[in-house]
């Protein structure tokens, strides 16, 4: 996949198929540690232990529409090709956690991609499932939480055009702001 955000979309769709009510997405970008870490955690049905040990095999899938599942195997390969690692843990009835860690400046690391559009796509496709997204860019934190937004707006669904436009702008501006704060700090340091 050309962007890591496409991996994120694919893996979070697994969470939806696993009947998750909440998906947590955490992205940590650290210039000091030269790392980009993506953590996707859900409260879905989980993965049975006998299936978990070979879950990154492309021919292991719970899908009935096709016999191949490439999402996790491609994400693992992308992380390992960039000097990082991949971890997955799951407990049936509790949920699943996927971690991909990348050497941030590795020449083969795909760009993160357009996270504002990715978050918007997730919100539109999640139905009743909520999303908690945290993006830490060198200790500057941006948070987006659909439960809080629904409570504030007193709505059940965020799939209204005006709300979706606001979400895209809110996420885009929030991410831009945390990056600008860090870049400004770097320019001012001696």
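Derivation of every value follows stated rules applied to the coordinates shown; laboratory data play no part. The structure presented is a predicted model; accordingly, all values stated were derived computationally and were not measured. A quick note on method: Cβ atoms are made from the backbone with ideal geometry, for glycine too, and the neighbour counts reach across all protein chains shown.
Each peptide in 144-150, 159-165 gets a packing score, the mean of other Cβ atoms within 10 Å over its residues, and the list from highest to lowest is 144-150, 159-165. Note on residue 81 and residue 132: the extension gain reaches 15.5 nm, defined as 0.36 nm multiplied by sequence separation minus the Cα-Cα distance.
Just the number, please: percent antiparallel of the DSSP beta bridges in the chain, rounded to the nearest 5. Working shown, then result.
On the way: 29 of 37 bridges.
Here the share of antiparallel DSSP bridges comes out near 80 percent.
Checking the a/c ratio against 1.5 first, then a/b against b/c, what shape does the Cα gyration tensor give for the range 83-175? In terms of gyration-tensor shape, oblate.
Length gain on complete extension for the stretch residue 170 to residue 148, per 0.36 nm per residue less the alpha carbon to alpha carbon distance? Walk me through the numbers on the way to the answer.
Numbers: separation 22, 0.36 × 22 = 7.92 nm, distance 1.38 nm.
Working it through step by step, the gained length comes to 6.5 nm.
Mean-square fluctuations from a GNM of the chain, with a 10 angstrom spring cutoff on Cα atoms, peak among 107, 11, 39 at 107. For a modelled paramagnetic label at residue 157, 7 Å from Cα along Cα-to-Cβ, the residues of the range 107-130 in reach, with backbone nitrogen under 20 Å, are 119-130. Seen through its C-alpha gyration tensor, with square-root eigenvalues sorted a ≥ b ≥ c, the chain comes out oblate because a/c lies at 1.5 or above while a/b is not bigger than b/c. Subtracting the Cα-Cα distance of residue 70 and residue 94 from 0.36 nm times their residue separation leaves 6.3 nm of extension gain.
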